[in-house]
Structures are given as C-alpha cells and as structure tokens.
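Data block below; observations after.
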Amino acid sequence: MIHHNEFQAIVLAGGKGSRMTELTAGTPKCLLPIANVPMIWYPLQILERSGFKEAIVIVSEPTKSDVSAALDKLGLKIKIEIVGIPGAEDLGTADSIRLIHEKIYTDILVISCDLITNVDLSEILNLYRKHNASITALMLPVPKVPDDFVTPGLKNKQKPEIDLIGIDNNTRRLMFLASASDFEETVTFSQRLLNKYASFVVHSKLMDTHLYIINKWVLDFLIFNKNFTTLKGELLPYIVSKQYSKPKQSIDDKTSIVQEDLKEDIFRFAREKPLNELIRKMSAFNDHSNDLEEAYHGDVIRCYAHVSYGKFGLRANTIQMYHLANAKISELWNINDKNVDRLSLPLSISNTATVHSTQMQECRVDDNSLIQEKTSLKHSHIGPNSVVESKTRISQSVIMGHVTIKQRCVIHNCILCNGCIIEEGTELKDCLVGAQHVVTSGSQHSREVLTEADRLIEI
C-alpha cells in the first residue's frame, strides 16, 4: 500500500441534505445509513484502502459529537480529525475549506461524504501527478435507475441534475464544466478554446462525483478571494475557464498583491515551480501533435478529468439516489474487485442482534435489534435497536434505528426513519415515514410521505 504524504484528504460532511430533508430532519446527512453503516464510512474506506493514513472531516459544529461517536464504532484505521464549523450546513464547500486553510500544507484531495464508489484512487492521483495539474476531477457514468425502480414517497420520478463536461479525448484535459440548467437552448464556447482544441467531446451522461485533487496554489487563491463560495458551481468552472487565458502583464515579486484585483489576477498564484518548468522544457514530452508549440502550449493552469468506466458510483444526495444505494450496494460494492477483502461490508447479522425468523433473504440486521418469529424479511436493512414483531412482512426497505414495527404489518419498498412506530396491522407500500412519526394501526398508505410537517421546516 502506498502512503500519500504528498496529499491531505478532506471529507466534506457538513451539508444538511437540502434535497432530502425528509430523511435528514432527524439524522445528519453524513450519518444516514447505507447497508447499516453511516454514509461517511464509504469515502473514508476508499481513502484508507488507497493508502491515506489521515483525513480531515468537516462537519457542522452541532453534529460533531454524533459524528465522532459514529466513527469510533466503525473500526477504521485511518486517523480522523473532525473539525466542527459553526453554521457549516449553510456554508458552501469552498467556504468550508477556506475556514480550515491553516490545517492545510500540501495539495489536497477533496471528497464528498455522499460519494459511494469502488473506484481505485491511484488512477486519478497518477493523472494529477503526470501533468502537475491544477485540478483533477473524477467523473463516472451517470448511474442508471431501473425502469421499475420506485422512490419511496415520491409521486414522480426525480430528474437528475445534468452536468456538461468537455474533455479532450487525447489528453483528458478538462476543458469545460457547467450545469445544463445554466443554459436555455445553446451552449457557447470561447474562440480561444476552439482555436486550441479543434476536437473535443461535451458529455451529458457523466457525473461530476465531487472528488477533486487540488493544487496548493488553488487553495492559496481561494483564501484571498472570498467571492467563491462553492467548489463545483463556482471555483472549478472559473479555474477551468482560465486555462485559456494569459497574464495581462508580467508579474514580478515586487508588485503589491493588495493593489491588484485578485479575482482577475489568478496568475499571481498559478506559478509553476522553476524546477518543474525546467524539467518540462528539457523533456521530450508533448501533450499534442497538431503543432510545434511547447507542451501544454505554455499553460500554467491545467485541469484534467479522469473518467472511470466499469465501476460502481453514485452520489446519495437525493432520496432516489439514497434508496438506490441501499438497494444495489450489496450486489455492486464487492463485485469483480481485486481488493474485495478490503471493501467488504460489515456482518449481515450483528452478533448482538436477536433473530428468530426463519424466512430471511439478503438482509442486514444491526446491533441489538429483535426480529421475532413468524416474520418474513427480504432484501432489507434493519438498523440498530429496532423491533420487528411477529406475522410481519418486510421487503426492499430501509429501516433505520430505534424503529418499532408491530404485529401483522406489511412493509414494501419503504424508508422508515429513526424512532418511528408502525402500529399493528399497517400496510405501507412505497412510503417514506419520517423520524419519530407514528403510523396508526390498521391504516393503508401508498406513495406517501408520512411525517409531521413542522419537522421539515428549515429555520
């Protein structure tokens, strides 16, 4: 295993999950269970098996103790420093990184807590190293949602956010990055970009995973420039667009930075180290063949995209993607992977769970849960300290912690959040039940969100 002292890993886990408030009203987003382990386990596991010995986890200050307690139970070997930021749930991703800049002294790998993937990070790290890049981003094919997949509680299918990602096929240069929602009908490219790259592909079926390797000079630029609040929406598109610009004037060390417009004068920060520049000029390497210009055409800002096909990956940042992750994780997480032993999920049935059922198929049951006799459970995840009483049938569902399901209930394709109670004789199909909610006995519900409205109100 390679130890990465040249990079610091940062896990962004302070978001409040604004697109899945029905789930996060009772649980921090990063602690939502996927296959009975907190969501944040997945990016940390990927970092650990890729050779990272340490990681900084950014959370909102009020959730710091809960996240710390959850991580202590996961048995990870990677050393974790949890940094709580007041108001982090309302800050952008760039803001959060700016606030911890004093802890950063190298290039960084930034990963979102909701990224669920089995990608080998060595490939993206090597692409970054090869070109001494400014930013390198991981892209994956947009996850395919089966036609018969129904998202609990939602009447209509959610339309995924579409990224427009321009990549040069020969060099893997990331040339364009934007959201399709930013454009009405047409997309315009600068003449400078078209002059330099006559042939490239704009992808609409790739997903920006929010995993980036970022050069230290970009962080320095971000610290001084507080106009950028987000990485994906603001900083990255700006850096990508500046690849085709040149300094307006020569820059020397005597010129005062205070006197310059820092947003425009990014080249004050994007300086190539003299030794790197000398090596590049002495090398025979060239990243293009259509002219006799020097490698990279002299660009000091260079962005790249690593596209990993044939790997599983999604961002569990909506109810649909969260439910899909739980539905597919067991079959996709370990499949055809040389590191299967390092990727293995925790035990299917906890040693402290009590299971009397003889009809269980591909289920996970967490600590201290009780499954009584004469129950049938299929393709479901049962969280900790939950109770499933007799003569109950559960299929294709996510049951979080401290949930009580009384006798003679039928639960199909549902998400039951922490502490909810499903009373006797209830039938739920394709429903989402909010935290602490009580579903009255004998009721029948289909394609509904069952929760107290005031729990979803953002203050």
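The values are calculated or read from the model by the stated rules, or taken from the named source; none is laboratory data. This is a predicted model, so every value here is computed, not measured. Every residue, glycine among them, receives a Cβ derived from its backbone with ideal geometry; neighbour counts consider all protein chains shown. The accessibility values were calculated without ligands, DNA or RNA, using every heavy atom of the protein model including side chains. Shrake-Rupley method; radii C 1.70, N 1.55, O 1.52, S 1.80 Å.
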Out of the residues in the stretch 187-237 meeting the condition of being assigned to a loop (DSSP other than H, G, I, E, B) and of a type in the set (Gly, Ala, Ser), tell me which one is farthest from the chain's Cα centre (by Cα). Ala198
Residue ranges of helices (runs of 4 or more DSSP H) in the stretch 7-99 with at least 2 members aromatic (Phe, Trp, Tyr) and closer than 30 Å to Arg129 by Cα: 41-49
Ile97 - would you say it is more than 21 Å from Pro33 (Cα to Cα), of a type in the set (Val, Ile, Thr) and surrounded by 14 or more Cβ atoms within 10 Å (Cβ to Cβ)? yes
Conditions (1) of a type in the set (Ser, Thr, Tyr); (2) open to solvent by 30 Å² or more (accessible area, probe 1.4 Å); (3) modelled with pLDDT of 95 or more -> Thr136 fails only (2)
Can you tell me which condition Tyr197 does not meet? The list is (1) surrounded by 15 or more Cβ atoms within 10 Å (Cβ to Cβ); (2) out of contact with any Gly (no Cβ under 9 Å at 6 or more places or on another chain), and all the others hold. (2)
Which is modelled with pLDDT of 95 or more, within 27 Å of the chain's Cα centre (by Cα) and at positive phi, of Asn413, Asn368, Asn385? Asn413
Give just the number: which of (1) touching a Leu at 6+ places or on another chain (Cβ under 8 Å); (2) open to solvent by 30 Å² or more (accessible area, probe 1.4 Å); (3) β-branched (Val, Ile, Thr) does Val150 not satisfy? (1)
Consider Asp182 carefully, then state whether it is surrounded by fewer than 18 Cβ atoms within 10 Å (Cβ to Cβ), more than 25 Å from Gly310 (Cα to Cα) and without any contact (Cβ under 8 Å) to a residue 12 or more places away in the chain. yes
How many residues of the stretch 188-207 are in contact with a helix residue (DSSP H, G or I) (Cβ under 6 Å, 6 or more places away or on another chain) and under 16 Å from Ala305 (Cβ atoms)? The answer is 1
Take the stretch 416-434 and flag every residue that is open to solvent by less than 10 Å² (accessible area, probe 1.4 Å) and either under 33 Å from the mean Cα position of the chain (by Cα) or touching a residue at least 24 places away in the same chain (Cβ under 8 Å) (or both). Leu416, Cys417, Cys420, Ile422, Leu428, Cys431, Leu432, Val433, Gly434
